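Here's the structure we're looking at; comments come further down.
The values are calculated or read from the model by the stated rules, or taken from the named source; none is laboratory data. If you're wondering where the values come from, they're calculated on a predicted model, not measured in any experiment. FYI the Cβ positions are ideal-geometry reconstructions off the backbone, even for glycines, and counts take in every protein chain you see. We work out accessible area using only protein heavy atoms, side chains counted, and drop any ligands, DNA or RNA first. Shrake-Rupley method; radii C 1.70, N 1.55, O 1.52, S 1.80 Å.
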Amino acid sequence: MGILELIIVSLIKIIVIAVVMLLTVSYLVYFERKIAAWAQNRIGPNRVGPAGIFQPFADVLKLLLKEDIVPTAANKYMHTLAPMIALFVAFSTFAVLPIGPSFTAFGKVFSFVVADVNIGILYVLALTSVGVYAITFSGWSSGSKYSLLGGIRSSAQMISYEISMGFSVAGVILLAESLRPIAIVNAQSGWMWNIVLQPIGFITFLVSAFAETNRLPFDLPEAEPELVGGYHTEYSSMKFAAFFLSEYANMIISSALIVTLYLGGWQIPYLEMLKLPAGWVVTLQVVAFILKLIFIMFFFIWVRWSIPRFRYDQLMNIGWKVMFPLSLLNLLWVAILAMIL
Amino acid sequence: MAKKNRLKDLSFGQRIYITEILKGLRLTLKNMFLPKFTMQYPEVKFDPPASYRGRPVLAMEENGQERCVACGLCSRVCPALAIEVQAAETENEKERYPVKFEINMLRCIFCGFCEEVCPEEAILMSKDYELAFTNRADAIYGKDKLLTPVSKLQDRINFVRQFK
């Protein structure tokens, strides 16, 4: 492929991913509200359009029309920078996550990933760590005690859980012998999904993913009863929307990461036995990836409306005394497994 | 269920959270498919029971006359000072009637004391709960808005006779 062709194809992919991400995020908010309502025997939003389908657009319009307030005690530049970092991290992480296998069309090979980076998983981990800055900056620069407490809690929480997350990922990498997401997916062909091979690693990664995305039961940075809104207490209008969007975008990315690392990505076991034409196989595999993604995202929301928030000391106890040793145990188990296989 | 709420009393299965979390998840999932309690308000209206204390109204007999004898007890008992009554004489059997009877709905707290104190069963709490005004003057309900035929209040009258 020539350089021009590469740029055009990549640009198209970026635009598609960005648009799909934005739409998914807005509908994730809608489904969050719907599922919350269903779990509480309510109906949920149903006024804007049929069954409330256009509710996300109404929400975004409302946020756009709100006044943008920067507190006088705030550090204006940091205050503005923080939501930008949050959005940037949230939207750039998806670039390395493959949605489907590569396929040949018009005599050329295309792949369902914006950038097939050979250190893709490292890139994801690095960017999610940058995401901590967004929350810490927003908490520190707001000049409000609630924001500061939320920001500090968040950085402590994310750093603690990043360790168990990293060790869980190390187990996956050990089996796949590659940091390239596509290679990791290919290593999980058939029933060799990592959730089957290393269930403990899956659980530690799942819990860490909840903590990293600040979702309940680990949403201490924005614990409403204690901290008003946590790190985004002093944000309004589109800056608040940026945090809101990035939270949900992070949820999508975490789900995609879980699917890629543990649920076999786009793989469908025994699909090759049906002997379907190549086009059908690719379509089915992309659909499989999306279905797995939707299930994990549903799981995120489902857990949120089932489990109460942890206390701060419990959070730290679980992070350091349970999740960290468990992920180490998992690494040991995978090392033995790698020797046998 | 046995009272097990201390950490030391928990069994191993309860301590590792996972089974308990799955129980919680099962409960919420089950609830997602149960019937909903939401009443779609503007389309479906709530029909309150007789014990409901809505907007206070004045009972009007079939001949178009109010039962009220303008004794002023409701006005006296009203803790929010929402009721204003002005009495006048009349040729009828009851001899007195209110020329002016006003309830300020911005002040009314729906306590139902007026109804309780009324010797004539003339002031009653209706089932009307849709009270919205666009200005303060509209919130002062005069006789024109308060008078309601007895037939419409029968439910409440029966309730009051039973429990008062």
Conditions (1) open to solvent by less than 60 Å² (accessible area, probe 1.4 Å); (2) in contact (Cβ under 8 Å) with a residue 60 or more places away in the chain -> B:D47 fails only (1)
Residues that are part of a strand (DSSP E or B), farther than 20 Å from A:A18 by Cα and in contact (Cβ under 8 Å) with a residue 24 or more places away in the chain, drawn from the stretch A:105-139
A:K108
Kindly evaluate A:A36 against the criterion of being more than 25 Å from A:T283 (Cβ to Cβ), open to solvent by less than 30 Å² (accessible area, probe 1.4 Å) and of a type in the set (A, V, I, L, M, F, W, C).
yes
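Is it true that B:E121 is crowded, with 16+ Cβ neighbours inside 10 Å, more than 22 Å from B:R156 (Cα to Cα) and not β-branched (V, I, T)?
Working: crowded, with 16+ Cβ neighbours inside 10 Å: yes; more than 22 Å from B:R156 (Cα to Cα): no; not β-branched (V, I, T): yes.
Judged against the criteria, B:E121 is not a match.
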Would you check if there is a residue in the stretch B:67-79 being open to solvent by 100 Å² or more (accessible area, probe 1.4 Å) and away from chain A (no Cβ under 12 Å)?
yes
Take A:Y146 and tell me if it is more than 16 Å from the chain's Cα centre (by Cα) and either in a helix (DSSP H, G or I) or more than 30 Å from A:S178 (Cα to Cα) (or both).
yes
Any idea which of B:E62, B:E20 is assigned to a helix (DSSP H, G or I) and either within 14 Å of chain A (Cβ to nearest Cβ) or in contact (Cβ under 8 Å) with a residue 12 or more places away in the chain (or both)?
B:E20
Could you list all residues from the stretch A:174-230 that are of a type in the set (V, I, T) and more than 14 Å from every other protein chain (Cβ to nearest Cβ)?
A:I182, A:I184, A:V185, A:I195, A:V196, A:T213, A:V228
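Can you name every residue in the stretch A:53-80 that is under 26 Å from the mean Cα position of the chain (by Cα) and either open to solvent by 90 Å² or more (accessible area, probe 1.4 Å) or within 12 Å of chain B (Cβ to nearest Cβ) (or both)? I'd like the intermediate steps shown before the answer.
Going residue by residue through the stretch A:53-80, those that are under 26 Å from the mean Cα position of the chain (by Cα) are A:53-64, A:78-80.
A:F54, A:F57, A:L61, A:K62, A:L64 - these are the residues of the stretch A:53-80 that are under 26 Å from the mean Cα position of the chain (by Cα) and either open to solvent by 90 Å² or more (accessible area, probe 1.4 Å) or within 12 Å of chain B (Cβ to nearest Cβ) (or both).
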Considering every residue within the stretch A:265-273, establish whether at least one is more than 25 Å from A:L174 (Cα to Cα) and in contact (Cβ under 8 Å) with a residue 12 or more places away in the chain.
yes
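Pick from the stretch A:41-52 the residues that are in a helix (DSSP H, G or I) and exposed (fewer than 15 other Cβ atoms within 10 Å of the Cβ): which of them is nearest to the other protein chains (Cβ to nearest Cβ)?
So the first thing to find is which residues in the stretch A:41-52 are in a helix (DSSP H, G or I), and the list is A:50-52.
If we keep only those that are exposed (fewer than 15 other Cβ atoms within 10 Å of the Cβ) as well, we get A:50-51.
On the way: A:P50: 14, A:A51: 12 Å.
Checked the stretch A:41-52; the qualifying residue nearest to the other protein chains (Cβ to nearest Cβ) is A:A51.
Would you be able to tell me the number of residues in the stretch A:289-331 that are farther than 21 Å from A:V25 by Cα and within 14 Å of chain B (Cβ to nearest Cβ)?
Filtering the stretch A:289-331 down to residues farther than 21 Å from A:V25 by Cα leaves A:306-331.
Checking the rest, the ones that are also within 14 Å of chain B (Cβ to nearest Cβ) come to A:306-311, A:313-315, A:317-319, A:321-323, A:325-326, A:329.
Going through the stretch A:289-331 one residue at a time, the tally reaches 18.
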Checking B:F37 against (1) at pLDDT below 85; (2) at the interface with another protein chain (Cβ under 10 Å from one of its Cβ atoms); (3) exposed (fewer than 13 other Cβ atoms within 10 Å of the Cβ), the condition it does not meet:
(1)
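Taking helices (runs of 4 or more DSSP H) that fall entirely within the stretch A:180-235, which contain at least 3 residues that are crowded, with 22+ Cβ neighbours inside 10 Å and at pLDDT 80 or above?
Values: elements: A:181-186, A:194-197, A:199-212, A:224-227.
In the stretch A:180-235, A:181-186, A:199-212 are the helices (runs of 4 or more DSSP H) which contain 3 or more residues that are crowded, with 22+ Cβ neighbours inside 10 Å and at pLDDT 80 or above.
Residue-wise test of (1) within 30 Å of A:T80 (Cβ to Cβ); (2) modelled with pLDDT under 80; (3) open to solvent by 10 Å² or more (accessible area, probe 1.4 Å).
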| position | (1), (2), (3) |
| --- | --- |
| A:I252 | yes, no, no |
| A:T260 | no, no, no |
| A:L263 | no, no, yes |
| A:F295 | no, no, yes |
| A:S306 | no, no, yes |
| A:F310 | no, no, yes |
| A:V322 | no, no, yes |
| A:L341 | no, yes, yes |
Just to be sure I understand the filter: pairs with C-beta atoms under 6 Å, separated by 6 or more residues or on different chains, first member in the stretch A:29-40 and within 12 Å of chain B (Cβ to nearest Cβ), second member among the β-branched types (V, I, T) and in a helix (DSSP H, G or I). Which pairs pass?
A:I35/A:I301; A:A39/B:T28
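Looking only at the stretch A:30-43, decide whether some residue is of a type in the set (D, E) and under 17 Å from the mean Cα position of the chain (by Cα). Even if it seems obvious, please write down each step before you answer.
In the first step, residues of the stretch A:30-43 are kept if they are of a type in the set (D, E); the result is A:32.
Subsequent filtering for residues that are under 17 Å from the mean Cα position of the chain (by Cα) retains A:32.
Within the stretch A:30-43 (the criterion being of a type in the set (D, E) and under 17 Å from the mean Cα position of the chain (by Cα)), the answer is yes, since at least one residue qualifies.
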Can you spot a residue in the stretch A:158-165 that is surrounded by fewer than 18 Cβ atoms within 10 Å (Cβ to Cβ) and of a type outside the set (S, T, N, Q)?
yes
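Here's a check for you: in the stretch A:219-237, which residue that is among the aliphatic types (A, V, I, L, M) and in contact with a helix residue (DSSP H, G or I) (Cβ under 6 Å, 6 or more places away or on another chain) is nearest to A:A156 (Cα to Cα)? Let's see the steps before the verdict.
The initial filter retains those residues of the stretch A:219-237 that are among the aliphatic types (A, V, I, L, M), namely A:220, A:223, A:227-228.
Checking the rest, the ones that are also in contact with a helix residue (DSSP H, G or I) (Cβ under 6 Å, 6 or more places away or on another chain) come to A:220, A:227-228.
Working: A:L220: 11, A:L227: 16, A:V228: 19 Å.
The extreme case among them is A:L220.
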